[in-house]
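Readers should treat all values here as calculations from the given coordinates under stated rules, not as data from a laboratory. Just so it is clear, the model here is predicted, and its values are computed rather than measured. Please note: Cβ atoms are built from the backbone with ideal geometry, for glycine as well, and neighbour counts cover all protein chains shown.
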Amino acid sequence: MRVIDLEDLDTIKEAVVVLNELKVVSANRSGERYGFRTGKSLISVFTCKEMDRIVSSIQEKKDFSMETDAYFFELQSKRFVSFHFLPRKSLLVVNDLTEEKKLNEAKLDFVMAVSHELFTPLSASKANLFLLKDLEKDPEKLKILDRIDRSLERMETIIRQLKLLTMIQLGLYELKVEQVHVKEVFEKSVEDLREKIESRKIRVKFSSEVESIKTDRFVFYTILKNLLSNAVKYSYPESEVEVSISEKKMTVKDQGIGIKEEEKERIFERFYRGSEAPKMAPGSGLGLSIVKHLCDMMGYRLEFKSQWLVGSEFTVWFR
């Protein structure tokens with residue numbers, strides 16, 4: 001076989017190894033640090049629970065990618081790595097993700113711990129507020145308690161959204177793909193947002209060319225609810241929001257304030273809200289970020305068009 005010159009790859013952190021069957025032909029500097037040296041057998045360099053699959057895929061010249069814990073004899077340590085085999089060039093690429101994994105675990109632990117610490121007093125506050133509302137008879141004081149209640153609900157929503165967003169970003173959400181009845185999900189989203197819809201006197205129109213689509217129910221519901229919530233929140237009172245679904249896409253269109261041209265590139269950032277958004281309605285700035293990450297996770301394409309002071313249209317392409 002033709003020997004590939006790996007000198008140009010000596011500066012990259014990934015181990016790049018040229019194989020002949022299971023024997024090392026050559027490796028870049030990072031590969032040598034792992035123990036990939038000319039003439040050595042792959043099984044004498046490392047071992048892992050996926051070893052049988054790795055060996056058979058290389059022998060059968062099949063492309064594969066995986067992430068797993070592997071013990072490297074040269075390093076005398078276990079590392080969390082990604083393996084990628086390119087059969088046409090007989091190249092095995094190894095990327096050490098150990099520190100990234102530790103950082104992600106630390107992020108998750110932090111978010112979960114903070115969420116727990118925040119939920120505990122929040123739950124107590126809501127319970128006490130419920131008792132106060134039950135005992136209070138003064139209409140003016142009840143209005144104040146209602147405002148406090150809504151603020152606590154917003155705090156709870158932000159905490160839940162942060163937990164969800166963190167899990168999505170770390171790849172910890174497990175998809176359950178099934179046939180999902182779209183009208184059921186739409187009706188649940190409307191019911192959850194009924195207070196907002198009625199307070200702004202928004203007319204929500206729904207049309208669908210299909211009864212169901214193959215997707216993850218929770219993901220689809222979260223995408224639709226967040227897009228619908230955004231549309232209602234930033235629409236002019238007594239205007240119309242349209243939700244339309246087909247086999248290929250879902251579109252949510254509003255007649256609201258729209259998005260300024262200079263702010264369009266930032267709308268999917270966490271916690272970002274347009275300059276005029278706080279004047280229209282309270283919010284966390286997490287909704288569209290969650291939608292974007294969920295679409296990426298599902299392999300959907302998310303597009304939008306918007307005209308300032310006219311309205312916005314968000315489209316999720318399923319295929």
- Task: Please find the FRET efficiency linking residue 75 to residue 119, where r is the Cβ-Cβ separation and R0 is fixed at 41 Å, and quote it to the nearest 0.05.
- Result: 0.50
- Starting from the eigenvalues of the Cα gyration tensor, five times each then square-rooted, give me the equivalent ellipsoid semi-axes of the range 177-317, largest first, whole Å. 23, 18, 13
- Within the set 62/292; 126/196; 78/176; 78/101; 62/101; 49/78, which residue pairs have Cα atoms separated by over 23 Å? 62/292; 78/176; 62/101
- Per DSSP, loop GluC sites (Glu not before Pro) in the range 132-165 with at most 15 further Cβ within 10 Å: 136
- Query: Given Cα pairs under 8 Å that are at least 6 residues apart, what percent is the relative contact order of the chain?
  - Reply: 11 percent
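Are there trypsin sites (Lys or Arg not before Pro) in the range 123-214 that DSSP puts in a loop and that have at most 15 other Cβ atoms within 10 Å, and which ones? All intermediate terms of the calculation are to be shown ahead of the outcome.
Values: sites: 126, 133, 137, 141, 143, 147, 150, 154, 160, 163, 176, 183, 188, 194, 196, 200, 201, 203, 205, 214; in loops: 137, 176, 200, 201.
Taking the range 123-214 and a limit of 15 other Cβ atoms within 10 Å, the loop trypsin sites (Lys or Arg not before Pro) found are 137, 176, 201.
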- Note on the structure: Short to long, in 20 Å steps from zero, the percent of alpha-carbon pairs of the chain per bin is 25, 41, 27, 6, 0
- Query: To the nearest Å, what is the center-to-center distance of the range 107-182 and the range 75-89, using C-alpha atoms only?
  - Reply: 42 Å
